[in-house]
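Each value in this text was obtained by applying a stated rule to the coordinates, not by laboratory testing. In this text, all values refer to a predicted model and were calculated from it rather than measured experimentally. Cβ placement follows ideal geometry from the backbone for every residue including glycine, while neighbour counts extend to all protein chains displayed.
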Amino acid sequence: MPVHVKLSTTINQGGQQENFTFTEEGTFVEMNGKYYLRYIEHQDGQETPVQVKFEDELIRLRRRGNVETNLFLNPHQETIMRYRTEYGMINIDVLTESLEKDVDIDAPAGHASVKYQLKQAGQLIGSYQLELQFTA
């Protein structure tokens, strides 16, 4: 089903803060009892397919562009993200500090608010906050 998607991201790295907001058209689908939000992110002339999978207590975020990101956001345990770059795969630790979501599969509509940190070899890469909203 077609939906309107708004994603706001705040990134804090090395004392610097960046904010990004994307407003895109997407789809909300159910496959095998799982729910997915899919859209194309447009930035600097690049199109990046994004898929958000909503599971019971976690969110899986996949971006496929010049770099591939497969992020598991789980507030109950630290997870590992495999980050594909042109130089190869890098393992990054993901610590989800908070995750709130509310999805109405019948509407479809929903929102998610997530705060998390990324670390590599125990060193903080950055702190991130995502605010995602979608409506039919």
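List the residue pairs whose Cβ atoms are under 9 Å apart, where the first residue sits in the stretch 119-136 and is of a type in the set (S, T, N, Q), the second is surrounded by fewer than 16 Cβ atoms within 10 Å (Cβ to Cβ) and not in a strand (DSSP E or B), and the two are 6 or more positions apart or on different chains.
135/107
For the subset of the stretch 72-82 comprising residues that are free of Cβ contacts under 8 Å to residues at least 24 places away in the same chain and not polar (S, T, N, Q), which member is nearest to residue 36 (Cα to Cα)?
Out of the qualifying residues, it is 72.
List the residue pairs whose Cβ atoms are under 8 Å apart, where the first residue sits in the stretch 90-106 and is touching a residue at least 60 places away in the same chain (Cβ under 8 Å), the second is in a strand (DSSP E or B) and charged (D, E, K, R), and the two are 6 or more positions apart or on different chains.
Close Cβ pairs (under 8 Å, with a partner that is in a strand (DSSP E or B) and charged (D, E, K, R)) amount to 105/30.
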